[in-house]
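Everything below concerns the one structure shown next.
The values are calculated or read from the model by the stated rules, or taken from the named source; none is laboratory data. Quantities reported herein were computed from a predicted structural model and do not represent experimental measurements. Heads up, the Cβs are rebuilt from the backbone with ideal geometry, glycines too, and the neighbour counts pull from every protein chain shown.
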Amino acid sequence: MSILESLALGFTVSLEPTNVAYCFLGVLLGTLVGVLPGLGSAATIALLLPVTYAVPTTPAIIMLAGIWYGSMYGGSTTAVLLRVPGESASVMTCMDGHEMARRGRAGAALGIAAFGSFIAGTLGLVGLILLAPPLAQLALDFGPPEYFALTLLGLTLVSYLGAGEVPKALSMAALGLLLGTVGLDPVRSEARFTFGSLTLQGGIELVPMVMGLFGMSQVLLLAHGPPVAGEVARAPRGLRALLPARHEWRDAGGAIGRGTLIGFLVGVLPGAGGTISSYVAYALEKRRSAHPERFGHGAIEGVAAPESANNAATASGFIPLLTLGLPANVVMALMLGAFMLHGITPGPTLLSQKPDMFWGVITSMFVGNLMLLVLNLPLIGVFAKLARLPTAYLLPLIAVACVIGAYGVNNNPFDILVMLGFGVFGFYAERSGFSLAPLVLAFVLGPLMETSLRQSLILSDGAFATFATRPISGMLLALAVLVVAWPLLRRLAGQRAPRRAAPPLA
Amino acid sequence: MTPALRGRFPGAVLLGLGFAALYEGSGLSFGSLRQPGSGFYPTLVCVALIAFSAMAFAKPSRTDASEAGEPHGHARAWLVVAAVALYAWALTSVGFVMCTAALLIVLLRGIGAVSWPLSLAAAAAGSIATYVLFSQLGMPLPAGMLGL
């Protein structure tokens with residue numbers, strides 16, 4: 001099937017009235033969670049996972065995807081008007097966006113964020129469409145050693161590129177792998193770490209776990225911390241106020257293009273995603289600018305570049321999941337969970353076995369991006385008001401969603417306690433600088449990692465060399481080693497440089 | 001607890017968990033490289049957990065924010081924990097609507113300091129609305145002793 005035929009098939013699926021309705025619901029919810037500080041896209045997708053039981057797979061995935069890229073749009077509204085990033089990927093937008101708003105250019109900042117997001121999201125999808133089929137074809141040749149090397153590289157990248165200190169991230173990844181072993185051994189069906197409990201034989205449920213880690217922990221953080229407050233800039237009135245001036249378009253055009261490219265490339269890497277891509281895009285714009293001193297004081301490139309980058313990263317983040325079955329970040333791990341709740345394993349065979357679903361989900365993102373542009377521009381004033389929703393009301397809202405969602409998995413109150421336990425753990429982990437993303441990714445990837453490791457060893461008669469001698473797995477392992485050794489190599493290079501520069505001792 | 005001890009505490013917990021899991025997993029068959037058993041992979045993971053958490057323990061947390069936050073912040077967080085635990089315990093016997101209303105009152109009034117009349121009204125409306133919504137979605141919610 002050619003690309004055009006595939007797109008035609010995709011649009012017939014994504015433009016079905018039910019799918020359009022779920023897409024709209026997803027982008028609307030995504031914008032709302034992007035606007036509301038304290039409730040991220042990961043928490044919302046976790047909260048909605050149980051609801052998707054009652055929905056067919058394609059609309060469920062379309063809705064969840066809409067929440068993710070919708071939250072990127074929503075995050076920019078609070079970043080510009082309140083200097084509060086609704087999403088971590090909007091942190092860089094706060095700096096120049098809010099400064100522009102204070103100078104009466106809130107409309108231009110929000111406008112360029114929305115247009116930049118739309119352009120980057122659309123171009124990112126074009127990249128996804130072009131890259132996904134050949135990558136899926138390549139992945140069909142992957143055997144157990146390649147999958148083991150790929151999961152190892154993924155977890156290494158997540159731990160090294162993510163936020164926080166590396167030993168902490170690695171220990172969280174190891175804990176996630178350990179939690180993934182609870183239940184029956186996937187090869188011999190022997191019970192492990194179940195302590196005689198029949199409930200634990202099925203393993204730890206993903207939904208209560210992620211609801212606790214991302215939802216309940218936020219409730220506890222909100223209960224513990226002071227209410228969120230920020231300096232509110234006046235929301236622009238009327239669509240005309242949102243249109244950037246011609247010179248602003250000229251300044252921002254290149255930044256949108258570069259941000260899109262950076263976001264797309266960084267978004268494919270496990271653990272990097274929207275947040276890191278927005279930092280990199282901002283840093284690049286500042287470095288190449290003839291007037292870097294303008295950054296932080298209302299430079300429109302400082303809004304255009306990070307906003308474009310985080311939206312392009314959102315699109316490219318789907319590539320590893322849809323083609324290899326490997327989530328690049330925690331939201332994609334939840335998306336993998338959603339696929340698996342419906343009995344579907346995303347990966348190289350998804351394209352050949354369920355092309356309607358594959359292309360339907362991808363083309364729905366074109367539809368969703370257009371909806372977001374139409375939705376965001378006229379409703380910015382409403383979203384700005386919603387962003388001021390006091391913690392006193394936001395906290396019970398999230399808490400009730402968490403308890404209902406956890407209970408709904410098996411209609412068992414025990415799952416509420418599991419969710420609560422992970423919530424308390426997530427609360428203390430977040431406060432101690434232990435990132436939760438490596439834990440969840442490792443938990444999701446753990447069973448695949450174990451199965452592929454054991455199968456590889458059985459097939460190779462116990463020879464670990466099989467991972468290094470096969471070209472693809474050898475290359476992936478070499479990359480993992482390079483990622484681990486990189487800080488050491490840089491330190492060594494740093495020590496040598498001054499030594500060379502130092503004058504000889506006379 | 002001193003700040004230095006507090007900074008090492010999360011690493012120590014993970015380290016202890018690693019050793020406990022290694023002990024618990026020692027009863028599983030390790031197998032060999034040619035035929036890895038059920039305990040092969042968990043043992044590797046436990047060793048990795050012990051090694052990485054020992055590194056985290058050796059380098060105490062700089063970002064620990066235990067001192068930050070509002071006064072009585074911890075008490076409020078633990079009030080939420082107690083309320084949700086009680087909710088899970090009472091849900092089947094007392095019923096969804098009553099339990100959810102009680103939880104909302106605790107969170108609105110006890111944590112958010114919302115006025116009593118508003119808390120009661122929001123709790124009643126919120127619990128009934130969620131009951132109707134999730135019942136419509138096909139989720140069987142416990143009716144409890146009051147039949148609600």
When you scan region B:77-132, how many residues do you find that are within 8 Å of another protein chain (Cβ to nearest Cβ), β-branched (Val, Ile, Thr) and part of a helix (DSSP H, G or I)?
7
Please tell me if B:Val81 is of a type in the set (A, V, I, L, M, F, W, C), crowded, with 21+ Cβ neighbours inside 10 Å and at pLDDT 95 or above.
no
How many residues are in contact with a Pro (Cβ under 8 Å, 6 or more places away or on another chain), more than 7 Å from chain B (Cβ to nearest Cβ) and not small (Gly, Ala, Ser) when one looks only at region A:167-186?
2
Verdict on A:Asn376 being under 16 Å from A:Gly124 (Cα atoms) and surrounded by 20 or more Cβ atoms within 10 Å (Cβ to Cβ):
no
Being among the small types (Gly, Ala, Ser), under 24 Å from A:Phe115 (Cβ atoms) and either free of Cβ contacts under 8 Å to residues at least 24 places away in the same chain or out of contact with any strand residue (DSSP E or B) (no Cβ under 9 Å at 6 or more places or on another chain) (or both) narrows it down to one of A:Gly10, A:Gly70, so name that one.
A:Gly70
Could you grab me the full set of residues in region A:209-247 that are more than 12 Å from chain B (Cβ to nearest Cβ), part of a helix (DSSP H, G or I) and modelled with pLDDT under 85?
A:Val210, A:Phe214, A:Arg240, A:Ala241, A:Leu242
Test for A:Leu439: is it within 18 Å of A:Leu155 (Cβ to Cβ), part of a helix (DSSP H, G or I) and at pLDDT 85 or above:
yes
Out of (1) at pLDDT 85 or above; (2) surrounded by fewer than 24 Cβ atoms within 10 Å (Cβ to Cβ); (3) farther than 26 Å from B:Val81 by Cβ, the odd one out for A:Leu140 is which?
(1)
Test: residue in region A:445-468 that is more than 14 Å from chain B (Cβ to nearest Cβ), crowded, with 16+ Cβ neighbours inside 10 Å and within 30 Å of A:Met211 (Cα to Cα):
no
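A quick yes/no check of all residues on (1) without any contact (Cβ under 8 Å) to a residue 24 or more places away in the chain; (2) surrounded by 21 or more Cβ atoms within 10 Å (Cβ to Cβ):
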site	(1), (2)
B:Met98	no, no
B:Leu104	yes, yes
B:Leu108	yes, yes
B:Ile111	no, yes
B:Ser115	yes, no
B:Ala123	yes, yes
B:Ile128	no, no
B:Gly144	no, no
Evaluate the following for A:Ser189: is it crowded, with 24+ Cβ neighbours inside 10 Å and either in a helix (DSSP H, G or I) or of a type in the set (S, T, N, Q) (or both)?
no
Can A:Gly70 be described as over 18 Å from the mean Cα position of the chain (by Cα) and surrounded by 24 or more Cβ atoms within 10 Å (Cβ to Cβ)?
no
In region B:9-54, anything of a type in the set (Ser, Thr, Tyr), free of Cβ contacts under 8 Å to residues at least 12 places away in the same chain, buried (at least 16 other Cβ atoms within 10 Å of the Cβ) and not in a loop (DSSP other than H, G, I, E, B) is listed as B:Tyr41
